[in-house]
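The structure under discussion appears below in the form of structure tokens.
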Amino acid sequence: MIECIYSCFGQHQAKLRAVTVSSCRRDRPSHSAHSTFARNLGLVILALCFAPISAGQSINIGQSSYLTEPRSGDAAPPPLRARAEQLSNVAAQTNQWYSALLFSEKPEPIYAQPLTVRATSVGLEYALPRKQVVPTERRDTEIHYTHQNAALLTPTAFDTGVTQLAASSDWAIDIELGSALKTGRGGALAERMTATVAHGSPYVFVRLSVGDLKITLPESGERIEAAADARRLIVRTSVGTFAFFASAGTRWEQSDTKTWFARFPSGKSYLSASVLPDELPATLALLSKHAFAHLVDTKVQWSYDQSRSQVTALYRASTRIAEGPDHGPLLGLYPHHWHENSSVNDKLGPAYDTVRGKIRLLAAAEFSVQRRYSGFVPYWPAVAGGERRNELNDLMRSELRNARRMMLEIGNGAYWQGKGLHRISKLMEVFEQQGDLAARDQLLTIMKERIEEWFSGKNRKTYFAYDARVGTLLAYPEEYFSVQQLNDHHFHYGYWIRAMADIALRDPEWAADTRWGGMVKMMVADIANTKRGASDFPFIRNFDPYEGHSWASGIALGPHGNNQESSSEALNAWAALILWAEIRGDKALRDLGVYLYSTEAQAIRYYWFDVHGIVLAPEYKNVEVSMLFGGKYSHNTWWTDEPRQIKGINLLPVTSASVYLGRDPEYIQRSLSTLKGETEVYESRGRRANPPDIWQDIFAKYMALSDPQLALKQWNRWGAVELGDTRSHTLHWLLSLQEMGRPELSITANATFYSVFRKPDGQLTYLAFNPSSQPLIVQFSNGKVLTVAPGKLSKEN
């Protein structure tokens, strides 16, 4: 019967896509940082197979339901621009580095790295950005690599008034520019120029359906290497040395000091455009050798070896050899690819200076990266507390009385409600582990009641809707343009998935698909669909497989490309996937979650924290990046430039899954030591944090990953608390690390859920959690063995 239901849903996709979605808009405060409908969706009611889906219909999944369009007056997703016909039945790839192509009404720069491109009404611009150090009113600097000093590529035989996304793979896209043959979605182009752009590629691969190509350089230049290879045009300017590798038989004609024409032979209208990273003869020879291996597909494959707690990502590129011998492609590896990677270090060539540090060239069709999965457990065990046990008990009693109010103190949408559920869930864990099961059950009931309000679809104000035109699950009321700009779905739904997983650990029947778990599968599919080219949801919506991190903005508008601020909330989402998948016995989803969690944790260490000192520019004055864009990085937030919140946004929520932050304890000390000076500068500008110790609980928990004793001294029971956490959970966290020591991430285990801690005297504490119904034997990499009972957390020294 399940197979019948899946088949039925596929038949109804066309009907769902035909639904007219309200175009009503509302002005909302901007804060983009909090900027396959799953094939195993579970038991969808049988009536779906027999009843047509009409506009505004409620679709049931167990006891949950969602609408097929928003209610009257509620916002709708942004309109899609024209896409190539072959993409007309594919869910829109939002939240990617190139998503502006799908949504922007004006040309926006696309940050491929190392090159940037911009599709305009007169052709395609491409450039190699250079570093700009931009002082700010905060008395620090931002580092920009803005799209500028671009060469313009213009077909001579037709206009390029229409731009559309023609294809996408895991880290490459095809952009089509041309004249319209017909308009509307999936419109075809009468004549076209196709440009293939990829992360890491030193080339833009250009193909014309007919005619020649005009090249307009940003300034006058001098041709060099004119006699070496007639197919090459190499022009040196003060802003870069532009290189073009055209088909055999191409004639180069110069119109003026800035303008050239590539006169192609019949049927061979193609070239590869680049900007050289340097002018060494060996570099030019390398780019010339590989210029005719045009990219046609890119794919990352991940695997998780649980026995070794190791994640492997294999990056593979497929090419079409335009002419000549097959020398294979030239790939550009980011620092998180090449640094400390012995499989490629002796094979790397020249490097490009970019906003992500050095992108180094590798002459190969594939490479792999192995990462350690550091593990975590869903919660930490009871603490003795010593002299602070009474303090913990007092806090717990107080917060139990106020639990319902604490669930929603600010905001009414899915983000703040998700944080509220998370807040109560972490409080629930403290009561459970400290032995008060009656209070645990009281908090569990509060969470269930609130989730049922949202999931039932019967609440007048709060509900979910599936938009078939874009391919996304939407939550109402909207917060932070999660609908109108499709922002932050992984942040928002990550909190919900984690809360549902925490409930499922205690009441699996309530979280079953036949009851309330089906809506979670919708959320998982929205942010973590692994089927490429599906019609219902895009491939891993927010995650960029090549850059190794997520993007928050759904439509990626603006001069600096896409962005992500709260990297830690992305990790919270991936930890939620792991836990939900293990509870449900979904190995494929578990492996995906481990890949996302491990990969983004590594990217954070390079591009947000730069713990190795090889990414951030020396002119950058801050210890960490808080806002990372395609074309810049800065120390700021969307809603305030107050230093404590700038730092804290890439730490919260601090949970037992945050142990990845403890890999570099010295960095933690260095980072927190900057708060005093940054606050003094902020206050010298006539400003003041409100309250002055805002988020002090977050910083105490962060410090505890490095020095638990110092963290306990710094934490103020009566001080400020971030609204996604509680005082009880904070004190329990601090006391736990005081008892166990800081995380020891060099020791791994052959289980999904494990953690190891080391005290200053060297004593180790081992934790392991067993989500299954059978006993579990956990083998640690140093020889320690734990036997864990079903559904239990074990702790041993």
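The table below gives the values:
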quantity	calculated
Stokes-Einstein diffusion coefficient of the stretch 333-490, Kirkwood radius over Cα pairs, 37 °C, 0.692 mPa s, in µm²/s	161
Summed side-chain charge close to Gly385 - residues other than Gly385 whose Cβ falls under 10 Å, Lys, Arg +1, Asp, Glu -1	-1
Cα-based Rg / Dmax (Å) for the stretch 698-797	15.2, 44
Under the Karplus curve 6.51 cos²θ - 1.76 cosθ + 1.60, θ = phi - 60°, whole-Hz ³J(HN,Hα) for the stretch 283-300, x wherever Gly or Pro sits	5, 4, 5, 5, 5, 5, 5, 9, 5, 9, 8, 7, 5, 10, 7, 9, 8, 10
Bins of 10 Å from zero: percent of alpha-carbon pairs in the chain	3, 13, 23, 25, 19, 11, 5, 1, 0
Net charge, Pro545 excluded, C-beta distance under 9 Å - Lys, Arg +1, Asp, Glu -1	-2
Rounded, prolate or oblate (a/c below 1.5 giving rounded, otherwise prolate when a/b exceeds b/c) for the stretch 316-414 by Cα gyration tensor	prolate
Table column - 3J(HN,Hα) (Hz), the stretch 118-123, Karplus curve with 6.51, -1.76, 1.60, x for Gly and Pro	8, 8, 10, 6, 10, x
The stretch 602-746 - Rg and Dmax from Cα coordinates, angstrom	15.1, 45
Peptide ranges 782-791, 566-575, 687-696, 140-149 listed from the most packed, as the mean C-beta count within 10 angstrom indicates	566-575, 140-149, 687-696, 782-791
Mean Cβ count within 10 Å, highest first, over the residues of peptides 303-316, 251-264	303-316, 251-264
Positive minus negative residues near Ser169 (Lys, Arg vs Asp, Glu; Cβ under 11 Å)	0
Extension reserve of the Arg139-Asp326 stretch, reckoned as 0.36 nm per residue once the Cα distance is removed	62.1 nm
Distance between the stretch 202-233 and the stretch 420-436 - C-alpha centres, whole angstrom	64
Quotient of Cα Rg and 2.2 N^0.38 Å for the stretch 450-569, N being how many residues it contains	1.10
Cα-based equivalent ellipsoid of the stretch 568-682: semi-axis lengths in Å, sorted from largest, via gyration tensor	29, 15, 13
Per-bin percent of Cα-Cα distances, the stretch 641-717 [10 Å]	18, 53, 25, 4
Spatial separation of Cα centroids for the stretch 140-159 and the stretch 610-639, in angstrom	23
By average C-beta atoms within 10 angstrom, highest first, the peptides 228-235, 116-123, 405-412, 470-477	470-477, 116-123, 228-235, 405-412
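Just so you know, all these numbers are worked out from the coordinates, no wet-lab data involved. Values in this document were obtained by computation on a predicted structure and should not be read as measured data. Here Cβ is always computed from backbone atoms with ideal geometry, including for glycine, and neighbour counts include all displayed protein chains.
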